[in-house]
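Notes to accompany the following structure.
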Amino acid sequence: MHTTAKNSVATLLLLATTMFGVTAVMAAATPAPTASTTATDAHANLSPEQQQIYQADVLAQEGREAMSYIVAARQLLSEQHGDEAHKYLEQAKGLLTKLKSKVTARNEDASDLLPIYSQLGVKEGVEITDQLKQQLGKTHLDAIRGNHEKVVEALKAVDIELHYSFVDLPVAATLEKVESALKSLSAKNIQQASETLAQAGAGLVHDSITINADNENPAG
């Protein structure tokens, strides 16, 4: 179910997919750093849920980094810079290879989908109260773990119009495309490599869902 409804400027990010998000989570859980404070110390002071958020964020960042290498490589190929593109694809391959086993081991359904972005928009005009933030915050962990159905079901109980968007990276399929593109480059087939990378980008799983819309069928 898709929407064209205008979202509030006060959009709430459910998934901590940026360094700012990680910093915000850690800052909320730890005191001001001292000269002896390290990143390891800060991580140790996180609650179990915050640790899961932090760990999921690290994976998401690596997934986005891999996709950035793929996009850059395709741009280089369009400019006939095959050698430089090859270097970027090797970087992407390394990241995706590491992610493949990590993501499969983490996901309860043994899938290899890695959430790399998730966003929740609140309808314009709705006041973002502390109570609303707490309600929406309860869906955070499910969002970062890619449990989108659970997120949507939980958001239905909030009883205001919301707009939930996400992007998941199919790690194994993307890795296969990268490896295929590398083989094409080794054979000096730049066009085939570029087409394969385009397929990798098109393989991202994404959706935008409107929840509790005024015109939504309650029985749907």
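We did not get these values from a lab; they are worked out from the coordinates using the rules stated. This one's a predicted model, so the numbers in the text were calculated from it and none came from an experiment. With ideal geometry, Cβ positions are generated from the backbone for all residues, glycine too; neighbour counts draw on all protein chains shown.
Some observations on this one:
- For the stretch 65-120, GluC sites (Glu not before Pro) are listed when DSSP marks them as loop and at most 14 other Cβ atoms sit within 10 Å of their Cβ; the list is Glu79, Glu108.
- Taking the three principal axes of the alpha carbon atoms in the stretch 19-211, the coordinate ranges are 58, 47, 32 Å, sorted in descending order.
- Potential lengthening between Val71 and Val158 on full extension [0.36 nm per residue; Cα-Cα distance subtracted]: 27.6 nm
- Computed extension gain for Lys183 through Ile128, at 0.36 nm per residue and net of the alpha carbon distance, reaches 14.7 nm.
- Protection-proxy order for peptides 112-120, 52-60, each taking the mean of Cβ atoms within 10 Å per residue, highest first: 112-120, 52-60
- Where labels lie 7 Å past Cα in the beta-carbon direction, separation of Gln135 and Thr104 in nm: 4.1
- Alpha-carbon centroid distance for the pair the stretch 171-188 / the stretch 62-95, whole angstrom: 11
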